[in-house]
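**Q** This is the structure I have questions about; it appears just below.
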Amino acid sequence: MNIAVIGSGGRENSICFKLKQSKQINKIFCIPGNAGTSIMAENINIDVLNFESISDFLRNNNVKIVFVGPEVPLVQGIKDYLEKKDFFVFGPSKAASRLEKSKSFTKQLCKKYKIPTAQYKSFSSMKGVKDYIKKMNTPIVIKADGLASGKGVSICNNKTMALQKCKEINQGKFKSSKKFVIEEFLSGEEVSYFILSDGINYKFFGSAQDHKRIGEGDTGPNTGGMGAYSPSNIITNKVENKIKKEIIEPTLKGLKKLGCPFVGILYAGLIIKNNQPKLIEYNIRLGDPECQVLMMRLKTDLLKIILACKKKQINKIAINWSDKKAITIVASSKGYPNKQSKISEIKNTEKILLNANQYLFHASTFKKNNKIFSSGGRVLNATALNKNFKSARNICINMLKKINWKDKYFRRDIGWRVISN
Ligand code: AMP
Ligand code: GLY
């Protein structure tokens, strides 16, 4: 069987890595992929939003199943488009993708089903904003309503800044929408909780915690994620029960009622405090870099899971996870997330031992004349599975130390909450 993976990040490299372990797979295509995916898949240079070209390619290469990594093609309806042409897309429909596309859609669903989340109000103009902010405690969270590649959220320590951020969004800072949400700040520990749904049933699909800030000690600006570990150690049975009953189940029920049952992986971003989970946001896909640690821990054949989902029979399979601990450390180019970095060569990747328990996933890399180059941003993800978090982290650090790349930057404290030095 042939399969296509859409995307070009570390997440998609780890999905290809896992799919490669499946005996039933003949060939993996990655659209468009990176230097890392080219080791285990054939990279196909098609724009992920050019659904017509993707469809032609799939038909000509006998591919029936498509795994979509990033949110943008899903939000723009890749599932709806390809499934009309008889391909199976592992991911949600355009209508179900509103959970990530629109913060106000999700907030309305939360209100209707009493899903615990931060107090909020949506605005489409500046009318009433000043008065609303006046009544709030600081910090205040301001969010662009549409997709903003993780840059749409500001945590404002004072009211002047909060007002300023609202103005910026309303004046068109983000192309996706001028609408915004003003929301209460939730304190507590953040967890990424994943479930898999086939539209009828759902199953737990792993937990992880990521480090969003650029600097050690979780300082500095927010990024797409500088590292992650799995499993999370704060999800007790009691907390998990609450996550399922108070958050996941009403959401899936709500989507079914709206006529758009969720198929694929749903990622709940949660804040947990005093054993009470609250929803910060939904993503309609695997997290990056959370996916990298989940793929290391997943014992069940990923293709088998996808096929069970296609048949709407995930209730008939067991999804097994390694009891070992996984860590991934992201190496970004120096200056990220503020400065645009230039293309630079990455040397020595061949010196790194790669196996099922330790792997160097690629994100923004490409190959030219048999050399590997960084194109900036988040570039490599050293990932390891080991008996404990400390030994897994040491393996990751040693992998990254061997890389000879002048623009290399990475955090050495990933997983500090679960590692005592
Ligand atoms: P989002 O794009 O909604 O995931 O937000 C990005 C990050 O901002 C989250 O992962 C949190 O770390 C933080 N964040 C978002 N909303 C809140 C909130 N209401 N309270 C505290 N932190 C938040
Ligand atoms: N690591 C956060 C995300 O994938 O959205």
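Rundown of residues vs (1) out of contact with any Asp or Glu (no Cβ under 7 Å at 6 or more places or on another chain); (2) modelled with pLDDT of 95 or more; (3) not hydroxyl-bearing (S, T, Y), yes/no style:
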position: S197; (1), (2), (3): yes, yes, no
position: K203; (1), (2), (3): yes, yes, yes
position: E216; (1), (2), (3): no, yes, yes
position: A228; (1), (2), (3): no, yes, yes
position: E249; (1), (2), (3): yes, yes, yes
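**Q** Considering the stretch 248-267 alone, what residues qualify as being touching a helix residue (DSSP H, G or I) at 6+ places or on another chain (Cβ under 6 Å) and either free of Cβ contacts under 8 Å to residues at least 24 places away in the same chain or within 16 Å of ligand 2 (Cβ to nearest atom) (or both)?
**A** none
**Q** Can you tell me how many residues within the stretch 180-209 are of a type outside the set (D, E) and within 16 Å of ligand 2 (Cβ to nearest atom)?
**A** Of the residues in the stretch 180-209, 10 are of a type outside the set (D, E) and within 16 Å of ligand 2 (Cβ to nearest atom).
**Q** Quick test of your reading of the structure: G217 fulfils all but one of (1) of a type outside the set (K, R); (2) part of a loop (DSSP other than H, G, I, E, B); (3) near ligand 1 (Cβ under 10 Å from one of its atoms). Name the failing condition by number.
**A** (3)
**Q** Can you confirm whether N315 is more than 16 Å from F67 (Cβ to Cβ) and of a type in the set (S, T, N, Q)?
**A** In short, yes.
One line per residue, one yes/no per condition, for (1) polar (S, T, N, Q); (2) within 26 Å of T300 (Cα to Cα); (3) surrounded by fewer than 24 Cβ atoms within 10 Å (Cβ to Cβ); (4) in contact with a strand residue (DSSP E or B) (Cβ under 9 Å, 6 or more places away or on another chain):
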residue: I6; (1), (2), (3), (4): no, yes, no, yes
residue: R11; (1), (2), (3), (4): no, yes, no, yes
residue: I25; (1), (2), (3), (4): no, yes, yes, yes
residue: T37; (1), (2), (3), (4): yes, yes, no, yes
residue: A41; (1), (2), (3), (4): no, yes, no, yes
residue: D56; (1), (2), (3), (4): no, no, yes, no
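**Q** Looking only at residues in the stretch 269-284 that are more than 10 Å from ligand 1 (Cβ to nearest atom) and over 16 Å from K101 (Cβ atoms), which one is surrounded by the fewest Cβ atoms within 10 Å (Cβ to Cβ)?
**A** N274
**Q** Still on this structure, I have one more. Would you check which residues across the stretch 298-347 are assigned to a helix (DSSP H, G or I) and surrounded by 13 or more Cβ atoms within 10 Å (Cβ to Cβ) and list them?
**A** Result: L302, L303, K304, I305, I306, L307, A308, C309, K310, I314.
**Q** Among the residues that make up the stretch 155-174, is at least one of them within 27 Å of V263 (Cβ to Cβ), under 27 Å from the mean Cα position of the chain (by Cα) and in a strand (DSSP E or B)?
**A** no
**Q** I've got another one for you. For the stretch 76-97, check the following and say yes or no: at least one residue is of a type in the set (K, R) and within 16 Å of ligand 1 (Cβ to nearest atom).
**A** no
**Q** Now for a separate question. Whether any residue in the stretch 134-154 is in a strand (DSSP E or B), out of contact with any Phe, Trp or Tyr (no Cβ under 7 Å at 6 or more places or on another chain), over 20 Å from I327 (Cα atoms) and within 10 Å of ligand 1 (Cβ to nearest atom) is what I want to check.
**A** yes
The values are calculated or read from the model by the stated rules, or taken from the named source; none is laboratory data. Values in this document were obtained by computation on a predicted structure and should not be read as measured data. Don't worry about glycine lacking a Cβ; one is built from the backbone with ideal geometry, like all the others, and counts go over all protein chains shown.
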